[in-house]
Amino acid sequence: RLLRQSQRIICVSESTKLDVIKNYCLDPASIDVVYNGYDQDLFFPQPDLQVLRKYNLDKYLLYVGDMRFYKNLSRCLEAFDRLPLKDCKFVITGKKDNFFYPEIERQTSQLAAKERIIFLDHVPTSDLPSLYSMAQGLVFASLYEGFGLPVLEAMACGCPVITSKVTSLPEVGGESVLYIDPYDVEDIAQTMYQLLTDDKLREKLHHKGLKRSQLFGWDKTAEQVRNV
């Protein structure tokens, strides 16, 4: 009822717009796409060794988000476990909720790499830019996203990104990230390995991500909403 009574509908991605058209049989002409922005005063390259010491980290891949099933953290853990590299940690931010975390914890306890999988629980927003900035890469292999804000935040901090080639995520990452099939554990593992072992690739993604992130911003979002 809300959708049909609205004069205009704003979606945060073309992918979400297609979902709305498909599921609610709406006229595409009634829907505008306005991308999310990010806090440019917070998310920019800012390595801080004190943050590393706070969480006892050195070389790591990063995951930012909750632990709901569609976030696909389970396959990411399995992929990390397959890596022949033993000098890297997989750092997971996100609340250890009572519904989804127990199953993730159970899976992790059975992995050979369990000592190198670090659950930080909820992380203060003020620490996130430094965690992004000093990571070898963000792993964000969701099965579905309406937008995918962590991909944008990571790029803005110069953090290389591995993400899924599904739903809205290619709209955010463009040609500035590495794409994987989120259902293919081996593909995720090989891409993790490629990123961790190729310094030039990480440097290239660092620069491309910074440039890509400048296409997004809340000022631009607000202006587009005002135009609608």
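The values are calculated or read from the model by the stated rules, or taken from the named source; none is laboratory data. Because the structure is predicted, anything quoted here is derived from the model rather than measured. Cβ sites come from the backbone with ideal geometry, for glycine too, and all protein chains shown count toward neighbours. We work out accessible area using only protein heavy atoms, side chains counted, and drop any ligands, DNA or RNA first. Shrake-Rupley method; radii C 1.70, N 1.55, O 1.52, S 1.80 Å.
Here are the numbers for this structure:
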read-out	value
Chymotrypsin sites (Phe, Trp or Tyr not before Pro) restricted to segment 44-144 and DSSP loop, no more than 11 other C-beta within 10 Å	Phe99
Degrees separating the helix 73-82 axis from the principal Cα axis of the chain, which is the longest one	30 degrees
Residue among Leu61, Leu152, Leu49 with the largest mean-square fluctuation in a Gaussian network model of the chain, springs linking Cα atoms under 10 Å	Leu49
GNM top mover of Leu57, Leu169, Leu138 - the chain, alpha-carbon springs below 10 Å	Leu57
Prolate/oblate/rounded label for segment 131-228 (Cα gyration tensor, a/c 1.5)	oblate
Charge dipole (the chain, unit charges on Cβ, about Cα centre) - positive-most of Ser176, Leu210, Val225	Val225
Compactness relative to 2.2 N^0.38 Å, alpha carbon Rg of the chain	1.05
Estimated dipole of the chain in Debye, rounded to 20 [Cβ of Lys and Arg +1, of Asp and Glu -1, Cα centre]	140 debye
Relative contact order of the chain, defined on C-alpha pairs under 8 angstrom at six or more residues apart (%)	24 percent
Where the chain is the region considered: accessible area per residue in Å², 1.4 Å probe	51 Å²
Loop trypsin sites (Lys or Arg not before Pro), segment 1-89 (other Cβ atoms within 10 Å of the site Cβ: 11 or fewer; DSSP)	Arg1, Arg8, Lys86
Sulfur and carbon atoms: percent of accessible area, segment 135-187 [1.4 Å]	51 percent
Taking segment 1-94 and dividing mean pair separation by its residue count, relative contact order in percent (alpha carbons under 8 Å, at least six apart)	24 percent
Of the trypsin sites (Lys or Arg not before Pro) in segment 103-169, those whose Cβ has at most 15 other Cβ within 10 Å and which sit in DSSP loop	Lys165
More than 22 angstrom apart: percent of Cα pairs within segment 11-135	51 percent
Accessible area (Å², 1.4 Å probe, nearest 10) - Ser109	70 Å²
Segment 78-180 - charge dipole about Cα centre, Lys and Arg +1 at Cβ, Asp and Glu -1, debye rounded to 20	260 debye
Cα-based reach from Lys17 at 14 Å (exclusive), listing aspartates and glutamates while leaving out same-chain residues under 8 positions away	Asp27, Asp32, Glu145, Glu171
Crossing angle, helix 185-197 versus the chain [Cα axis fit, 0-90 degrees, rounded to tens]	70 degrees
Local net charge near Leu215, Cβ-Cβ under 15 Å (Lys/Arg +1, Asp/Glu -1)	-2
